[in-house]
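Contents: one structure, followed by commentary.
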Amino acid sequence: MAGSGKSVGATTWPVTLATVIVLIFLLLPTLIVIPVSFGSEKYLQFPPREWSIVWYKAFFADAEWLAAARLSIAVASLSTVLATLVAIPATLAFSRGRLVGQGVARSLILAPMILPHIVVAVGMYIAFSRWNLIGTLPGFVAAHAILTLPFLFLTLTAAISKLDPSLELAAASLGASRFSAFRHVTLPLLMPAIAGGMAFAFITSLDEATVSNFLSSSASKTLMKKMFEDIDFDVSPIVAAVSTLIIVGSLLLVAAAQLVRRLAVRAPRPAATLPAARTQAKAA
Amino acid sequence: MAAATANAAANPRGFGPRASLVLILPVMLLLAVFFVLPLTGLLDQSFRSPDLGIANYVRALGSDLYMKILLRTVWLSVIVTALTLVLGYPVALTMSRVSGRMQLAIAVCVLIPLWTSVLVRSYAWIVLLQRRGIVNEFLLQTGLIDQPLRLLYREGTVIVAMTHVLLPFMILSIYSVLRSIPKDLSMAASNLGAGGFSTFRHVIWPLSLPGVYSGVLMVFIIALGFYITPALLGGPETLMMSTLIGQQTTETLDWGLAGALSVVLLGLTLLLVGLFGRALRLEGKGI
Amino acid sequence: MMTNEASALRGRPAALRGGSVRIEGARKVYGSVRALDDVSLEVAPGEFLALLGPSGSGKTTLLMTVAGFEVPDAGMITVDGRDVTTVPPNRRDLGMVFQRYALFPHMSLRDNVGFPLRMRGVATDERAARADRVLGVVGLEGYGDRLPSQLSGGQQQRVALARAIVYEPPVLLMDEPLSALDKNLREQMRLEIKHLQKRLGVTVIFVTHDQEEALVMADRIAVLDKGRLVQIGAPRELYEKPCNPFVAGFLGETNFLTGTVAGRDAAGAPALALQNGASVAGSPAVPLDEGARALLSIRPEQITLQAGPAAAGALGGRVAEVIYAGASTIYLVDVGTGAPLNVRRPSGAEETLGEGTPVRVTWRASDARIFPAEA
């Protein structure tokens, strides 16, 4: 009650005005592709003279676009699963174990989000060329798992640090083995964080363009690579339609993940940690 | 962190050193093969391709062109960082002051761009700024110009688009610190005679500096290695380190030089993380 | 450490001039909650007034309206005759100590205490000198260069106090300032703050939910409940003559007995007939009709127990439980009216009554209060 002082909380108008302008600057260019995608002309228009869904039809009729979309979804799903499977035990080793060289291991796991993605991309490109992994599913999956790993790791570490370790002790005192204490106590409590983290990892992989750009081959390219090429050569409104689909799909997935968190009791707060983590995971 | 470690050590049901090693093994294997090996391979290339020696570094650092590109990259990153700070701070401030629906509305405006692909957002700027793009059409229709302006492939365009892409990171970084400043501090300042601006200058601003520093570091580092936006929106005269490295890798196929340039960029980034990261204690934050 | 803490507030600052505060018909509504419902009260210069009430009673909201952090929907607040109802907090010149002290974590103690002087345009040198002097007053001489995080809770409390008095405000507002301290330190600080207040002559409005704190520290106590001012008066008056069952129950411990008003007892005091047939005496808080349902409140320490069976019509019972509590011993006496009576007697002073002993239960009519049984 004491904190609700209105005279203190009130924002002065120049700050408010600046905020409104900046928010418009943030939002408008992001969302402009949506109305543009519903135009009918060959070149981009805003607002469209005539509303139509020809570019969506074109997308769903184009084998190359569909192949790219399928590949991206497969890569995002598999890399998310792979990253989660290695991140969970790693998190446990950090927060519940005694790890030699903890600092080094931590830096290594977080490195992919701090190092410039162009360097990572070029390094992988050169190595993967030798190993014949360019344009292959295992290549994409390994690369994206590494890029989403830091961010899953941070989410899980944050979530596990909020768990009361005495819960596991309680389980142990009730006769649970270390593994079954984890399986029946820790894991269920971590589920919302895992689910949320996986959703964000999925989107991060889907949206990742830099590494995908280098690891794609002419025969096998992700959705982002395909878009990149299309934008570079010829700005077709199909790209606007695809962008719209991606925006809507991502936001639905984010909303679903938030819902999972909200439904779960004791869900860790996502607002600050997740975007901040994703922040770097996504670094172009 | 230290407490947590001590806790785990005291926890009789925690995992021992051997079990911990087994748990961390999968992630380390994955990273060793697909991350460390490629990066060391890059280093290896830089010293061996085509001949053993430091020729690639001499080329990378001795060339006026490459030095110019390096300086441009740093300069653009500085400008973009400064812009995101100036534009982002008021938003973070407002976000920390309002509550309920207003706060949610601002958060949504900040998060939607964050969750939208960098590629899509760069594309959006093309839609806006190309020859027959929305801005030119608008200016032509209103008669302000009679020839479409060349808005794309310029340095300014790259700056605007990069600022747009990186702004949410700055806002969230500052906001996360601002919201943790207890409300009663500004109430106390006000009670002690400080007006709105004085309260901001003497209390809020100094206390928000950790968020500003980490936001600046984060945005600057991402900007240094930014690829997609400059590649799409930039022209030959706005070549940055990232686009140069990309060119050397896939077009010129000069992997040795690409490696040397990568090592330079990597070194610059790590230097910054080392210098500021320590001061900021990024480690302890949020974990 | 103890002696240092105890002697800490001993310095002699210049006396301040206490200001008067007047609140007239203050109302404040949040949504459907009436935080303040027509509250009026006056605080005299140099007075120590405690605002006492459970959480949600409106005591903090009332303090915030005086401080200027809340603007009442209706009503007026004047300080020394000046209407400050809509004056922003930074122009009110009132001192305030916050619940969590609200020390600026990035400023040294000297800068913290000097802050209000800085806002008032006092030159750097003088600022430092005055800050150091006031730090000395609160027993933190030589601590000027430290940061708040280097201090204990009690020391932070003293800095908050120093910062609030350094610019010599006529009125000091305190929002549960002792609630974050541990029990021993809290009890010690009560007296120290009270003594400092008397020496300075400053007017204090002190919010607390701790009735003992209010009793010990305040010249007068204002009891609030659900946004209303229920009773205001000197501690003794409130404790001995509560105006309703809420005040009786909130301020100190008490026993409630329900019954109907039944004429007068042998001594001429109004009597209450209980369900168990016994008749007990008390003094009505308001005139009551015979036959009306009523509630009697009697404090545990004002009940007398005597071994032996009660006469017909008098209150008697059996000792159900004896609880030794150090200085006093608590007797739970089953008198056949539901909950046992809680009786407190000094330990050792009187004969011990064992569990199961039949006892006569009496009290002076003037010690018991009879309220109309409402709702």
With an 8 Å Cα cut-off and a minimum separation of 6 or more residues, compute the relative contact order for chain C in percent.
16
Between B:LEU71 and A:THR12, what is the spin-label point distance in nm, taking each point 7 Å from the Cα along the Cα→C-beta axis?
4.0
Roughly speaking, what is the centre-to-centre gap between the stretch C:132-156 and the stretch A:76-152 when only Cα atoms are used, to the nearest Å?
51
In angstroms, what radius of gyration and Dmax does the stretch A:32-119 have, counting Cα atoms only?
22.2, 65
Across 10 Å bins from 0, what is the distribution of all Cα-Cα pair distances for chain B, in whole percents?
6, 19, 25, 24, 17, 7, 1, 0
With a 1.4 Å probe and every protein chain left in place, work out the accessible area per residue of chain C in Å², rounded to a whole number.
43
Can you tell me which of A:ILE160, A:ILE21, A:ILE194 moves the most in a GNM of chain A? Springs connect C-alpha atoms under 10 Å apart.
A:ILE21
Could I get the Rg over Rh figure for the stretch C:214-317? Both from C-alpha atoms, Rh via Kirkwood, rounded to two places.
1.02
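Relative contact order of the stretch C:69-138, please, whole-number percent, based on alpha carbon pairs below 8 angstrom and at least 6 residues apart.
About 18 percent, as a whole number.
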Computed FRET value (nearest 0.05) for A:GLU41 with B:LEU253, which takes r as the C-beta separation and R₀ as 41 Å:
0.55
Dividing the helical contributions, -39500 (n - 2.57) per DSSP H run of n ≥ 4, by the residues of chain A yields a 222 nm value, nearest 500 deg cm²/dmol, of -23500 deg cm²/dmol
Expressed in angstrom and ordered largest first, the alpha-carbon extents of the stretch A:80-144 along the principal axes are 39, 23, 17
Can you give the convex hull volume of the alpha carbon atoms of the stretch C:77-143 per residue, in Å³?
125
10 Å binning of all Cα-Cα separations within the stretch B:1-145, expressed as whole percents from 0 upward
8, 13, 19, 25, 23, 9, 3, 1
Let me make sure I get this right: for chain C, a, b and c are the square roots of the gyration tensor eigenvalues over alpha carbons, sorted descending. Under 1.5 in a/c it's rounded, otherwise prolate if a/b > b/c, else oblate. Which is it?
prolate
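Taking every DSSP beta bridge that has both residues in the stretch C:84-231, what percent is antiparallel when rounded to the nearest 5?
25
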Full-extension gain in nm, B:VAL108 to B:LEU270, via 0.36 nm per residue minus C-alpha separation:
55.0 nm
Could you check the spin-label model distance between A:GLU50 and C:THR85? Points 7 Å from the Cα along Cα→Cβ, value in nm.
6.6
Filtering chain B for DSSP H helices with an axial alpha carbon extent of at least 24 Å and a Kyte-Doolittle mean of at least 1.0 returns B:64-97, B:155-178, B:205-224, B:255-280
In chain A, helical segments from DSSP H whose Cα atoms cover 24 Å or more along their own axis and that average at least -0.5 on the Kyte-Doolittle scale are A:13-31, A:63-96, A:137-161, A:187-207, A:237-263
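If you keep only loop residues by DSSP, which GluC sites (Glu not before Pro) in the stretch C:194-270 have at most 13 other Cβ atoms within 10 Å of their Cβ? All intermediate terms of the calculation are to be shown ahead of the outcome.
Working: sites: C:GLU212, C:GLU213, C:GLU237, C:GLU240, C:GLU253; in loops: C:GLU253.
Passing both the DSSP loop test and the Cβ count: C:GLU253.
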In the stretch A:104-125, which residues have a backbone nitrogen under 18 Å from the label point lying 7 Å from A:THR136's Cα in the Cα-to-Cβ direction?
A:123-125
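Equivalent ellipsoid semi-axes for chain A, as square roots of 5 times the alpha carbon gyration tensor eigenvalues: give them largest first, rounded to whole Å. Don't skip to the answer; put the middle values down first.
Details: eigenvalues 275, 161, 61 Å².
Largest first, chain A gives 37, 28, 17 Å.
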Kindly give Rg over Rh for the stretch A:127-260, based on alpha-carbon atoms, with the Kirkwood expression for the hydrodynamic radius.
1.14
CD proxy at 222 nm, helix term only [per DSSP H run n ≥ 4: -39500 (n - 2.57); per residue of chain C; nearest 500]:
-7000 deg cm²/dmol
Take B:ASP51 and A:ARG262, extend 7 Å from each Cα along the Cα→Cβ direction, and tell me the distance between the two endpoints in nm.
6.7
I want to verify a result. In a Gaussian network model of chain C, Cα cutoff 10 Å, which of these has the top mean-square fluctuation: C:LEU49, C:LEU272, C:LEU288?
C:LEU288
Sorting B:GLU137, C:GLU42 by accessible area (1.4 Å probe), largest first, what list results?
C:GLU42, B:GLU137
Based on the alpha-carbon set only, what is the convex hull volume of the protein assembly as shown divided per residue, in Å³?
241
Could you tell me the relative contact order of the stretch B:55-282? Use alpha-carbon pairs under 8 Å, at least six residues apart, and round to a whole percent.
28
For peptide A:97-108, compute the average count of partner chain beta-carbon atoms within 10 Å of each residue's beta-carbon.
5
Quick one: if the Förster radius is 41 Å, what FRET efficiency do B:ASP64 and B:LEU149 give, using the C-beta to C-beta distance and rounding to 0.05?
0.85
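Can you figure out the FRET efficiency of C:SER149 with A:SER161, using R₀ = 30 Å and their beta-carbon distance, to the nearest 0.05?
About 0.85, to the nearest 0.05.
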Using a 10 angstrom cutoff on alpha carbons, build the Gaussian network for chain C and name the most mobile of C:GLY259, C:GLY68, C:GLY338.
C:GLY338
Can you give me the three principal axis dimensions of the stretch B:144-192 from its C-alpha atoms, in Å, biggest first?
59, 25, 12
Across all directions of projection, what mean area in square nanometres is found for the Cα convex hull of the stretch B:144-287?
13.4
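The values are calculated or read from the model by the stated rules, or taken from the named source; none is laboratory data. For clarity, every value in this text was computed on a predicted model and none was experimentally measured. Neighbour counts run over all protein chains shown; Cβ positions are idealised from the backbone, glycine included. In case anyone asks, the SASA skips ligands and DNA or RNA and just uses the protein heavy atoms, side chains included. Shrake-Rupley method; radii C 1.70, N 1.55, O 1.52, S 1.80 Å.
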